[in-house]
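Visitor: Before I ask anything, here is the structure I am working with.
What follows is calculated from the coordinates using simple rules that are stated; it is not laboratory data. Predicted, not measured: the structure shown is a model, and the values here were computed from it. Positions of Cβ are backbone-derived with ideal geometry, glycine not excepted, and every protein chain shown enters the neighbour counts.
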Amino acid sequence: MPLGCRSCGSLLPEPVLEKASPADFSRLKRFLGSFTGAGLEKQELAHLFVLRDVGNGKKIVGTVELLPCGAGTFYLCRVKVARHLRRQGIGRKLFRHALARARTSGAWDVFAVTRSREDAPAVKIARQLGASEIRKDELQERVVEPMIGRYSIQGNRFWRFPVNRAGS
Ligand SMILES: CC(C)(COP(=O)(O)OP(=O)(O)OC[C@H]1O[C@@H](n2cnc3c(N)ncnc32)[C@H](O)[C@@H]1OP(=O)(O)O)[C@@H](O)C(=O)NCCC(=O)NCCS
């Protein structure tokens, strides 16, 4: 279904989600900006998915990262949607995509960090997708600190998402 631009109201084609490529690195840093862009490392490109606006030179309009942390654990992070495309279900689709990938990669647990406000969009999405809120130390046992540290501004919330593997 076409999307609407929230700035000018024009209709836009459905963006395409693809694995990030090395050529995306500087563009990704710019897109992520103050939201974790400074901490982006080249080796993470292997775990990042980018949403591209096919009607606009494949410009990056969204991201999601699924970082393997060993022992069937994944960390879902860097979920961002360009402002002009927000509130049309894209953020939820990015979370769903990453969870589906985690499932097919044999995940037992997927963790994420969100801001603390109950009305923060990522908190709403986490609840809609059945995530349970956990304590920071439960997350720290499974996900390495430099990753969590990106978001360690005061008052974040920590989540475990259901993976629903067949037979588990
Ligand atoms: C979080 C983010 C990715 C959500 O993207 P999005 O495409 O706007 O999200 P969706 O349209 O899928 O919205 C999902 C739910 O969040 C809620 N929501 C979205 N934007 C909201 C807003 N500004 N205020 C309140 N609720 C909001 C809605 O309840 C929506 O559910 P509904 O469709 O059933 O009403 C986007 O806001 C963003 O890029 N924020 C900056 C980066 C960030 O904070 N990332 C989260 C890190 S975990």
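Visitor: What does the convex hull of the Cα atoms of the chain come to per residue, in Å³, rounded to a whole number?
Guide: 123 Å³
Visitor: Nearest 10 degrees, 0 to 90: what angle lies between the long axis of helix 90-104 and the longest principal axis of the chain (Cα atoms)?
Guide: Once rounded, the angle reads 50 degrees.
Visitor: Another question about this same structure. Taking the Cβ-Cβ separation of Glu141 and Ser10 as r and a Förster radius of 45 Å, what is the calculated FRET efficiency to the nearest 0.05?
Guide: After rounding, the FRET efficiency stands at 0.40.
Visitor: Further question: Could you compute the net charge surrounding Arg6? Neighbours are other residues with a C-beta less than 10 Å from the C-beta of Arg6; K and R count +1, D and E count -1.
Guide: With Lys, Arg at +1 and Asp, Glu at -1, the neighbours total +3.
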